[in-house]
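In what follows, a single structure is set out as structure tokens and then discussed.
The values are calculated or read from the model by the stated rules, or taken from the named source; none is laboratory data. Computed from a predicted structure; not experimentally measured. Cβ coordinates were reconstructed from backbone atoms using ideal geometry, including for glycine residues, and neighbour counts include every protein chain displayed. For the accessible areas, the whole protein counts, side chains as well, though only heavy atoms, and no ligand, DNA or RNA atoms are used. Shrake-Rupley method; radii C 1.70, N 1.55, O 1.52, S 1.80 Å.
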Amino acid sequence: MIRIHNTLTGKVEPFQPLTPGDVRMYVCGITPYDVCHVGHARCYVVFDLARRVLKANGYKVRYVQNFTDVDDKIIARAQERGIKTTELVRENIEDFFSKMDALGVERAELYPKVTEHIPDIIALIKTLVDKNVAYRLGGDVYFSVKAFPAYGKLSKRSLHELRSGARVEVNKEKHDPLDFALWKGSKPTDPPEVSWDSPWGKGRPGWHIECSVMAMKHLGPHLDIHGGGLDLIFPHHENEIAQSEAATHPPFAAFWMHNGFVTLNQEKMSKSLGNFFTLSEVFAKYHPSVVRYMLLAVHYRSPLDFSSDVLDQSRNALAGLKDAIARATRVLKKQTLGMDDSETVEAKVSAVVEGFVKECLAVLSDDFNTPEALAVLHRMVAYLEKQFAGNMVSRSGIRTILDGLQQASRLLGLDLFPSTRDLFVAPELTELAQRRDEARQKKDWKEADRLRQEILLQGYVVEDTPQGPRLLPKAGV
């Protein structure tokens, strides 16, 4: 059984999907106005881990993660750089995929974009207007929070508390300060590629409506799990609940999952504060697998205080696991081992290893307790080394322990096993990376993406640097 902390109830609850055997999970994606940072890494490693655990428990998971490719920040950054918003978005989505691939984050089933769903967004807004829970102000359309009595149920705050303490959109003509934009009329400074015809005039979607539309279109009106960072609880997820349930009926999502903040010196890391690190900066000093280990070493709901010391500790811990496994792998290749190969010893080893693997899955199934799962991995390695020290295990016993370690490490998305790809990059791969770089220079994005996928299939990801492309082994398995 899986147990998950549900932000909606504030409790860790047994998880049961709405449709037996099938899990529909939606996670809010990035707004691609800049490159990815450590906060992005935490969110998507957390939900990658959640999907791995769900699948290991026998569930079929359909995972959808969006891209908010229309936003004020995108418009401002594109105008600052003198390029189209579409070009800026393309660059940063490409950066997102290269960084997530390096971290061993498996691809979602679907990555919908706002610009691909404008008719669907307009249709949902019209439904809300027809139901008298939304109203027009000039070229804008706003959702009326007073028309949704349950507003505030996710953030656990009353309307009075929310009005007095929250950052909300400013418009003196709004019926209520908390009312939020579903549709924004075009501004004279808006580029043409972010403006669409609607019953309310030319404009573009508000931030919150997009996720309701994309989630319901691709997963249905009722989700099993909706996730994202802790900062999305209010207003984004609160607003999603209001507009979605006002249009259909509850529940929009049965479980709400939120990962904790990444902090720097106990202060939330964010671009607005300027105290964040891009993944390119971190990967220049630490292998992506070290970053993944660091992210897993802290429970997903707890704050993670980022520092070079924490990364160094993670690198040392990961190196200890990998070195022990590499030594065992080398011993396994020897012709003779001279160890006890009795059936009694082998049966005991198999039972112990099976117990470790079951324990790893069990702690992960209890609200995704990755620190405990990593502790199990370290105990498995200690058990492996104990067998060598006591000259107690046969060749098949070693293989059994290594197989168990591989099963457990796959659950966590960690690649602990030695591979020649860590030491040698084939010339053919280097050539593919160079061809991809040439395609990017020519803005042949389709060919560049095809070549990146070809490189990924061979176990590598491409890091684009000012000095040219750099190949990194993929962190996950």
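A few notes on this one:
- Principal axis dimensions, segment 193-239 - Cα atoms, whole angstrom, descending: 34, 24, 18
- A Cα-only calculation for segment 22-88 places Rg and Dmax at 15.6, 49 Å.
- Isotropic mean projected area of the C-alpha convex hull, segment 128-277 (nm²): 10.8
- Near ALA253, the amide H atoms lying under 5 Å from its own belong to LEU223; only residues 5 or more places off or on other chains count, and H is placed 1.01 Å from N.
- In the complete set of protein chains, residue-level accessible area for ARG379 is approximately 100 Å², probe 1.4 angstrom.
- Rounded to the nearest Hz, the phi-derived 3J(HN,Hα) couplings of segment 141-154 under the Karplus curve 6.51 cos²θ - 1.76 cosθ + 1.60 (θ = phi - 60°) are 10, 10, 8, 8, 5, 5, 7, 10, x, 7, 4, x, 5, 7, where x marks glycine and proline.
- Among the listed pairs LYS99/LYS156; LYS184/LYS443; LYS55/LYS386; LYS217/LYS443; LYS217/LYS446; LYS126/LYS184, those with a Cα-Cα distance over 23 Å are LYS99/LYS156; LYS184/LYS443; LYS55/LYS386; LYS217/LYS443; LYS217/LYS446.
- Net charge over other residues, Cβ less than 10 angstrom from the Cβ of LEU279 (K, R count +1; D, E count -1): -2
- HIS287, HIS175, HIS226, ranked by accessible area, largest first (probe 1.4 Å): HIS175, HIS287, HIS226
- Converting the Cα gyration tensor eigenvalues of the chain into ellipsoid dimensions via √(5λ) gives semi-axes, longest first, of 44, 27, 18 Å.
- From the largest down, segment 1-144 spans 51, 44, 26 angstrom on the principal axes of its Cα atoms.
- Between helix 395-412 and the chain: long-axis angle, C-alpha atoms, 0 to 90°, nearest 10: 10
- The HN-Hα couplings worked out from phi for segment 196-212 by the Karplus form 6.51 cos²θ - 1.76 cosθ + 1.60 (θ = phi - 60°) are 10, 5, 8, x, 10, x, 5, x, 8, x, x, 5, 6, 4, 4, 5, 4 Hz, whole numbers, x standing for Gly and Pro.
- Relative to the longest principal axis of the Cα atoms of the chain, helix 72-81 runs at roughly 80 degrees.
- Inter-label distance for SER307 and LYS11, nm, one decimal - labels placed 7 Å from Cα along Cα-to-Cβ: 3.8
- Restricting attention to the chain, close to 55% of DSSP beta bridges with both partner residues there are antiparallel.
- Between 0 and 90°, nearest 10: helix 445-457 axis offset from the chain longest Cα axis: 30
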